[in-house]
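The values are calculated or read from the model by the stated rules, or taken from the named source; none is laboratory data. Keep in mind it's a predicted model, so treat the numbers as computed, not measured. Every residue, glycine among them, receives a Cβ derived from its backbone with ideal geometry; neighbour counts consider all protein chains shown. With ligands, DNA and RNA removed, areas are computed over all heavy atoms of the protein, side chains included. Shrake-Rupley method; radii C 1.70, N 1.55, O 1.52, S 1.80 Å.
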Amino acid sequence: EFYIEESYLTFKNIPWIGELKVGQYQAPMGLDVINSSRDIALMEPAAPIQALAPGVNAGIQIGRPVFDQRATWKFGLFTDGAGHDFGDATKDYGRAILRLTGLPFYQANPAQPDSPRLLHLGLSANILYSGSSSVRYQSRPESHLAPHVIDTGDMAADGALVVGAEAAWINGPFSVQGEYLHSWVREINGQTPGFDGFYASASWFLTGESRPYDRTEGMFGRVIPRRNFDFGHGGWGAWEVTGRYSFVNLNSADVQGGRLSMLMAGVNWYLHSHVKW
């Protein structure tokens, strides 16, 4: 089945609101999932992000960096989109999302401008209204080729509130990152089951690169090797080792969706800025 997952228009430098984005795209919640798949350290986002955070939605969003690019804010209104690779599995909904990020610590390195030291913190909230009186969360084991192994099924509910917290520390070639999400579902029978999950990850560039950070968006960017792969001429690209532990719990009250914990490790080889193995 062919479909265009992300398609949108962006209008920049609008007074007060900064950027206006209209169309279908990744909703602004979750540090791991708002980055392009080419820019995350492991092959797919962590299971709690896949289960509880929104995926590609259709909507409208505003936001801008503030305080000399030491913080960002984004606010958007969304509904169903064409893509369902990641994100909560609720259908026929409307949602409002607010994301705030900040850099309480940022220290540039004059000798290596592409390797600053920084601490990123973020908070987000997602209020969902279900037009079909149904809410659903599910996740694969961090592999799109696998089936969903935890699944709440369709819960008779008219809405949900999801909050998230994120943090990342970058110090040259070393980085650590983590997120926590919690969802409260407002079931029609009066119960309020709560689901949550978290992950923690770390990475190290053996060749000295650093994960690039976009201060205008509050997210990571594309890794550009210091020396592209060039066989026979001393260029070996960038090499990164990485690992992640994740846990998500979809059991609560009268819902038994299952629990999933995973430990994953990997090695990334960036031949140049457009090829990663």
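Leu260 passes all but one of (1) in contact with a helix residue (DSSP H, G or I) (Cβ under 6 Å, 6 or more places away or on another chain); (2) of a type in the set (A, V, I, L, M, F, W, C); (3) at pLDDT below 95; which number fails?
The failed condition is (3).
Within the range 1-12, can one find any residue that is open to solvent by 20 Å² or more (accessible area, probe 1.4 Å), touching a Phe, Trp or Tyr at 6+ places or on another chain (Cβ under 7 Å), basic (Lys, Arg) and assigned to a strand (DSSP E or B)?
no
Mind listing whichever residues of the range 219-257 are assigned to a loop (DSSP other than H, G, I, E, B) and of a type in the set (Ser, Thr, Tyr)?
none
Can you tell me how many residues in the range 134-155 are of a type in the set (A, V, I, L, M), without any contact (Cβ under 8 Å) to a residue 60 or more places away in the chain and open to solvent by less than 60 Å² (accessible area, probe 1.4 Å)?
2
Taking the range 13-39, which residues are of a type in the set (Val, Ile, Thr) and either assigned to a strand (DSSP E or B) or free of Cβ contacts under 8 Å to residues at least 24 places away in the same chain (or both)?
Those that are of a type in the set (Val, Ile, Thr) and either assigned to a strand (DSSP E or B) or free of Cβ contacts under 8 Å to residues at least 24 places away in the same chain (or both): Ile14, Val22.
Restricting attention to the range 115-125, which residues are in contact with a Ser or Thr (Cβ under 6 Å, 6 or more places away or on another chain) and either part of a strand (DSSP E or B) or open to solvent by 70 Å² or more (accessible area, probe 1.4 Å) (or both)?
Across the range 115-125, the qualifying residue is only Gly122.
If I filter the range 205-221 down to residues being crowded, with 16+ Cβ neighbours inside 10 Å and among the hydrophobic types (A, V, I, L, M, F, W, C), which single residue comes out as farthest from Trp169 (Cα to Cα)?
Only one residue fits best here, namely Phe205.
Quick one: in the range 164-197, which of the residues that are within 13 Å of the chain's Cα centre (by Cα) and either among the hydrophobic types (A, V, I, L, M, F, W, C) or not in a strand (DSSP E or B) (or both) is farthest from Gly131 (Cα to Cα)?
Ala168
Name every residue in the range 85-112 that is among the hydrophobic types (A, V, I, L, M, F, W, C), in a loop (DSSP other than H, G, I, E, B) and either touching a residue at least 40 places away in the same chain (Cβ under 8 Å) or crowded, with 17+ Cβ neighbours inside 10 Å (or both), in order of residue number.
Phe86, Ala89
With the condition kept exactly as written, say whether any residue in the range 20-39 is in contact with a His (Cβ under 9 Å, 6 or more places away or on another chain) and open to solvent by 10 Å² or more (accessible area, probe 1.4 Å).
yes
Of these, Arg70, Arg64, which one is in contact with an Asp or Glu (Cβ under 7 Å, 6 or more places away or on another chain) and open to solvent by 80 Å² or more (accessible area, probe 1.4 Å)?
Arg64
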